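Chemist: One structure coming up, written as structure tokens, with questions to follow.
The numbers here are math on the coordinates, done by the rules we state, and not lab data. A quick note: this is a predicted structure, and the numbers were derived from the prediction, not measured. So basically every Cβ, Gly included, is an ideal-geometry build from the backbone, and we count neighbours across all protein chains shown.
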Amino acid sequence: MEKEFFGLLSGGIVIASIIPYAIRTYQRKIMPNPTSWMLWTLINFAILLTYRSSGALANVWPAVFGVTNPLLIAIFLVKNRATWKKFERFEYACLAVGIVSLAMWWCMHESRTMVQYALYMAILADACAATPTVAFTWRFPEKERPFAWGLFALGYGVGMFAVSEHTVANYALPAYMFLGASFITVPLVRHRLKNRAPLKEWI
């Protein structure tokens, strides 16, 4: 019961993290690249499938909303008629790695021992796709908001308490997402503390 509680709590925090970000996107106060967020949707779908097949139980909920969150942002960007950019070679490479992970999942999903490698491949694709966002936030911290990213990191951090089978595969995703989102959050928080930014600039 305790694992289920932490699983639902972590999933709730992850889905809550997208609410302020979606509102700011709808208000056009932040303008993410829709191409990148659609790419994240596809990659996180691969992560969800491979994570579940790798043995995730109560701890799977953050991965579920890891798919719906970027999809929601992409939909808002389409609604706001944001400019779609063609995939660059780097993004095509990320997409290719994500597709490879899906193919690996299809071939290996009946073997928990083998399918974890598809999960690691999908996490690698996500890490590569996140690199431009990480670089952007460290270079232009005033153009992103820390609250959503910090809440996202917290959600996956809580998700580690929902792990019932203590395997590398079960901890790999929440640990990666926690560290990745935290790495994005740090420059955003530091910039606002340094400049004594008002609360509205945090959310």
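Chemist: Can you quote the Å³ per residue value for the convex hull of the Cα atoms in the range 37-78, rounded to an integer?
Modeler: Value for the range 37-78: 40 Å³ per residue.
Chemist: Report the full-extension gain for the segment His166 to Leu193: residue separation times 0.36 nm, less the Cα-Cα distance, to one decimal in nm.
Modeler: Contour length minus Cα-Cα distance gives 6.0 nm.
Chemist: Right, here's the next one. Kindly provide the helix-only [θ] at 222 nm of the chain, computed as the sum of -39,500 (n - 2.57) over DSSP H runs of four or more divided by all residues, to the nearest 500 deg cm²/dmol?
Modeler: About -26500 deg cm²/dmol.
Chemist: Exceeding 29 Å between C-alpha atoms, which entries from my cross-link table qualify? They are Lys79/Lys194; Lys3/Lys143; Lys86/Lys143.
Modeler: Lys79/Lys194; Lys3/Lys143
Chemist: Another question about this same structure. May I ask for the Kirkwood hydrodynamic radius of the range 1-105, worked out over all distinct Cα pairs and given in angstroms to one decimal?
Modeler: 14.8
Chemist: For a quick check: sort Thr35, Thr50, Thr137, Thr68 by the number of other beta carbons within 10 angstrom, fewest at the front.
Modeler: Fewest-to-most Cβ neighbours within 10 Å comes out as Thr68, Thr35, Thr137, Thr50.
Chemist: Moving on to the next point. Picking from Ala58, Ala162, Ala135, which is most flexible by a Gaussian network model of the chain using Cα springs under 10 Å?
Modeler: Per the Cα network of the chain with a 10 Å cutoff, Ala135 tops the list.
Chemist: Kindly give Rg over Rh for the chain, based on alpha-carbon atoms, with the Kirkwood expression for the hydrodynamic radius.
Modeler: Radius of gyration over Kirkwood radius for the chain works out to 0.97.
Chemist: Roughly what percent of Cα-Cα pairs across the range 123-172 reach past 12 Å?
Modeler: That fraction is 73 percent.
Chemist: P(r) for the range 115-203: what percent of alpha-carbon pairs falls in each 10 Å bin, starting at zero?
Modeler: 17, 41, 28, 12, 2
Chemist: Then there is this: Counting alpha carbon pairs within less than 8 Å and at least 6 residues apart, what relative contact order, in whole percent, applies to the chain?
Modeler: Averaging sequence separation for qualifying contacts and normalising by length gives 31 percent for the chain.
Chemist: D for the range 46-144, whole µm²/s, Stokes-Einstein with Kirkwood Rh over alpha-carbon pairs at 10 °C and 1.306 mPa s: what number?
Modeler: 106
Chemist: Looking at Leu199, Tyr92, Ile123, which one has the Cα that reaches farthest to the positive end of the dipole of the chain (charges on Cβ: Lys, Arg +1; Asp, Glu -1)?
Modeler: Leu199
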